[in-house]
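**Student:** Right, I'll just put the structure down here and ask away after.
The values are calculated or read from the model by the stated rules, or taken from the named source; none is laboratory data. Please read all numbers here as calculations on a predicted model, not as lab measurements. We place every Cβ from the backbone using ideal geometry, glycine too, and count neighbours over all the protein chains shown. When the accessible area is computed, the model is the full protein with side chains, heavy atoms only, and any ligands, DNA or RNA have been set aside. Shrake-Rupley method; radii C 1.70, N 1.55, O 1.52, S 1.80 Å.
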Amino acid sequence: KNSQALKPLFEFSGACAGCGETPYVKLVSQLFGDRMIVANATGCSSIYGGSAPTCPYTVNDQGHGPAWANSLFEDNAEFGFGMNLAYKQRRARLADNVRAFAEKANDPQVTAVTEEWLEGMDDGKKSKAASIKLLEMVNGCKDCGCDCDELAKAIADDADIMVKKSFWIFGGDGWAYD
């Protein structure tokens, strides 16, 4: 509901007139674009999605937009799945570091912020709001000389994965026939 009122982060694709795939890509970018990761198979969608010197993907007012990568033909499902597995592994390590940070800090305010992030880490909207608070907290602690500054640095280094990502695997016309 109201998806068409959201800013598309996919625009001006240069696809063939009447292409049936681009409206779906536009809609997905409206719903998940600021935290979207795309594994794209070689085919039409890789041509209109990544041909230099233009790119149909854009960013929102905060500078966030889809991340896009291309894979060869029929291995795209494995390519996208591998990206997702790597992301899940990194996030599991991040969650462990956040838990350890809360234990070492032994502070009710730190506990509240870390629990908020841990409880919402698998929800796009909740993780976005909680990540701002968590990153602010660990950035304030990175060089404080306390016992938890090493963990704070490790958490800050993983700021790119604090917000839950949305993974998409776009198959091309050849991929659809396999």
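**Student:** Averaged per residue, what accessible surface does the chain expose to a 1.4 Å probe, in Å²?
**Tutor:** 58 Å²
**Student:** Which whole-Hz couplings ³J(HN,Hα) result when phi for each residue of the stretch 2-19 is put into the Karplus expression 6.51 cos²θ - 1.76 cosθ + 1.60, θ = phi - 60°, listed in order with x for Gly and Pro?
**Tutor:** 6, 4, 6, 7, 7, 5, x, 9, 9, 8, 6, 6, x, 6, 4, 4, x, 4
**Student:** Out of the trypsin sites (Lys or Arg not before Pro) in the stretch 1-62, which ones are loop residues according to DSSP with at most 15 other C-beta atoms within 10 Å?
**Tutor:** Numbers: sites: 1, 26, 35; in loops: 1.
Qualifying residues, ordered by number: 1.
**Student:** Something else now. Using a 1.4 Å probe on the protein heavy atoms, what percent of the accessible area of the chain belongs to carbon and sulfur?
**Tutor:** Percent of accessible area from carbon and sulfur atoms in the chain: 55.
**Student:** Another question about this same structure. Mind scanning 104/165; 26/133; 104/133; 128/153 and naming the pairs with a C-alpha gap bigger than 22 Å?
**Tutor:** The answer is 104/165; 26/133.
**Student:** If you take the beta carbon distance between residue 107 and residue 72 as r and set R0 to 45 Å, what does 1/(1 + (r/R0)^6) give as a FRET efficiency, to the nearest 0.05?
**Tutor:** Plugging the Cβ-Cβ distance into 1/(1 + (r/R0)^6) gives 0.35.
**Student:** Among 7/126; 7/125; 7/88, which pairs are too far apart, with a Cα-Cα distance over 25 Å?
**Tutor:** Where the Cα-Cα span goes over 25 Å, the pairs concerned are 7/88.
**Student:** Would you work out the charge dipole size for the chain about its Cα centre, treating the Cβ of every Lys and Arg as +1 and the Cβ of every Asp and Glu as -1, and quote it to the nearest 20 debye?
**Tutor:** 420 debye
**Student:** Largest first, what is the accessible-area ranking of 12, 101 with a 1.4 Å probe? Show your work: numbers first, answer last.
**Tutor:** Details: 12 180, 101 5 Å².
So the residues, ranked largest to smallest area, are 12, 101.
**Student:** Summing +1 for each Lys or Arg and -1 for each Asp or Glu, what net charge is found among the other residues whose Cβ lies under 9 Å from the Cβ of residue 66?
**Tutor:** Every neighbour counted, the sum reads 0.
**Student:** With springs connecting C-alpha atoms under 10 Å apart, model the chain as a Gaussian network and identify which of 156, 92, 17 has the largest mean-square fluctuation.
**Tutor:** Answer for the Gaussian network model of the chain: 17.
**Student:** Looking at 30, 94, 54, which one has the Cα that reaches farthest to the positive end of the dipole of the chain (charges on Cβ: Lys, Arg +1; Asp, Glu -1)?
**Tutor:** 30
**Student:** Let me ask you something else. What is the set of long-range amide H partners of residue 40 at a cut-off below 5 Å, with H atoms built 1.01 Å from backbone N?
**Tutor:** 69, 70, 71, 170
**Student:** Same structure again: Go through the stretch 80-97 residue by residue and turn each phi into a ³J(HN,Hα) via Karplus (6.51, -1.76, 1.60, θ = phi - 60°); whole Hz please, and just put x for glycine and proline.
**Tutor:** x, 5, x, 4, 5, 4, 4, 4, 4, 5, 4, 5, 5, 5, 4, 4, 4, 5
**Student:** Further, regarding this structure: What is the helix-to-structure angle for 22-32, meaning the angle in degrees between its Cα long axis and the longest Cα principal axis of the chain, kept from 0 to 90 and rounded to the nearest 10?
**Tutor:** The answer is roughly 10 degrees.
**Student:** Here's a follow-up. With every protein chain left in place, what is the accessible area of residue 16 in Å² (1.4 Å probe, nearest 10)?
**Tutor:** Probe radius 1.4 Å; accessible area of residue 16 about 110 Å².
**Student:** If you don't mind, there's one more thing I want to ask. Name the long-range amide H neighbours of residue 57: under 5 Å, sequence gap of 5 or more, or other chain; modelled H, no Pro or chain starts.
**Tutor:** 11
**Student:** Rank these residues by their accessible area, most exposed first, probe 1.4 Å: 47, 37, 169. Present the calculation step by step, with values, prior to reporting the outcome.
**Tutor:** Working: 47 110, 37 30, 169 75 Å².
Ranked from most to least accessible, the order is 47, 169, 37.
**Student:** Show me, for the stretch 151-158, the HN-Hα J-couplings you get by feeding each phi into the Karplus relation (A = 6.51, B = -1.76, C = 1.60, θ = phi - 60°), rounded to Hz, glycine and proline as x.
**Tutor:** 5, 4, 5, 5, 5, 4, 5, 9
**Student:** Continuing with the same structure: Mind ranking 98, 163 by accessible surface for me, highest first, 1.4 Å probe?
**Tutor:** Sorted descending by solvent-accessible area, the residues read 163, 98.
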